[in-house]
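Below: the structure, in structure tokens.
The values are calculated or read from the model by the stated rules, or taken from the named source; none is laboratory data. Because the structure is predicted, anything quoted here is derived from the model rather than measured. All Cβ positions, glycine included, derive from the backbone under ideal geometry; neighbour counts span all protein chains shown. To get the accessible areas, we keep the full protein, side chains included, count just its heavy atoms, and leave off ligands, DNA and RNA. Shrake-Rupley method; radii C 1.70, N 1.55, O 1.52, S 1.80 Å.
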Amino acid sequence: MIEAKQLNLWYGDFHAVKDINITIEKNKVTAFIGPSGCGKSTFLRAINRMHEVIEGAKVGGQITVEGEDIYRPDKDPVTVRHKIGMVFQKPNPFPTMSIYDNVAAGLRLNGMRNKKKLDEVVEKCLEQAGLFEEVKDRLNKNAMGLSGGQQQRLCIARTLAVEPHVILMDEPTSALDPISTQKVEELVTELKKKYTIIMVTHNMQQAARVSDYTAFFLLGELVEFDETEAIFTNPKDKRTEDYISGRFG
Ligand SMILES: Nc1ncnc2c1ncn2[C@@H]1O[C@H](COP(=O)(O)OP(=O)(O)O)[C@@H](O)[C@H]1O
Ligand SMILES: [Mg+2]
């Protein structure tokens, strides 16, 4: 589904991500783990062409998604970002908008004006994000009135509305309480039936619970990538073993 070949990413002269080669499977959850600053978010942002918006940022090598080079000169980054949605650490609903408008925003931007169709999509996406029952009576209320966990599920619903094929999640539960975290984890497991998901997490138990594959990064390099079970029970690299057993990071 996603393939990086000899991927290198820089901030100015700083070489943040080095020679990454990886193939991400369709309809699976892949976890990115590793100590803070090892390049997880940088790599994730490169997958939906958000690295390049940072001044001085450079990209080398190749990323293909569904066989297409997303950095091909004629590719429009905005179109790439529709296909490859992103959910951030801190829930970031559009603060001046209602719950309904948050979910509808992307579609409206794409020119959709049909109210009935919008209603359908908003309901379906809130449903898929496990939020509809909780908010159905206040769809026109401001999104900031929701709890943090609800806001994060709203952001997931907003991402789903533009029908991405891939969902990138950068520590999506690290700002959430345990119950909201559990809801998002259950949701991820449900969503992988339809979407390919990459999730950065600092929480090793979370990686073990929800992911099928795990990639361990250190100092900008991909140290080890395997089935999650193998990474956590039988890591091949000493550095992976040290990290998952809590010896550093
Ligand atoms: N906008 C930026 N400008 C310069 N350096 C950055 C920027 N963002 C991240 N970095 C650096 O790139 C490295 C990788 O960061 P990041 O991808 O955020 O790591 P992680 O997500 O694994 O914690 C770090 O050394 C970080 O300081
Ligand atoms: Mg990060």
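Candidates I47, I70, I54: the one that is in contact (Cβ under 8 Å) with a residue 60 or more places away in the chain and among the aliphatic types (A, V, I, L, M) is I47. Could you check how many residues of segment 172-231 are farther than 17 Å from K28 by Cα, charged (D, E, K, R), free of Cβ contacts under 8 Å to residues at least 40 places away in the same chain and outside any loop (DSSP other than H, G, I, E, B)? Residues that pass the stated criteria total 1.
On inspection, I179 does not qualify as surrounded by 15 or more Cβ atoms within 10 Å (Cβ to Cβ), more than 16 Å from ligand 2 (Cβ to nearest atom) and not basic (K, R). The condition of being open to solvent by less than 60 Å² (accessible area, probe 1.4 Å) and within 12 Å of ligand 1 (Cβ to nearest atom) holds for only one of L118, L44, L107, L126, that being L44. Across segment 31-41, the qualifying residues are those that are within 12 Å of D170 (Cα to Cα) and either outside any loop (DSSP other than H, G, I, E, B) or touching a helix residue (DSSP H, G or I) at 6+ places or on another chain (Cβ under 9 Å) (or both), and the one among them that is most open to solvent (accessible area, probe 1.4 Å) is S41.
Against the condition of a type in the set (K, R) and either under 19 Å from N142 (Cα atoms) or without any contact (Cβ under 8 Å) to a residue 60 or more places away in the chain (or both), how does K115 come out, does it pass? Considered against the rule, which asks whether it is of a type in the set (K, R) and either under 19 Å from N142 (Cα atoms) or without any contact (Cβ under 8 Å) to a residue 60 or more places away in the chain (or both), K115 comes out as yes. Taking first residues from segment 21-39 that are modelled with pLDDT under 95 and partners that are surrounded by 14 or more Cβ atoms within 10 Å (Cβ to Cβ) and assigned to a strand (DSSP E or B), no Cβ contact under 6 Å between residues at least 6 apart in sequence or on separate chains turns up.
If you scan segment 182-217, which residues turn out to be aliphatic (A, V, I, L, M) and open to solvent by 20 Å² or more (accessible area, probe 1.4 Å)? Of everything in segment 182-217, those that are aliphatic (A, V, I, L, M) and open to solvent by 20 Å² or more (accessible area, probe 1.4 Å) turn out to be M204, A208.
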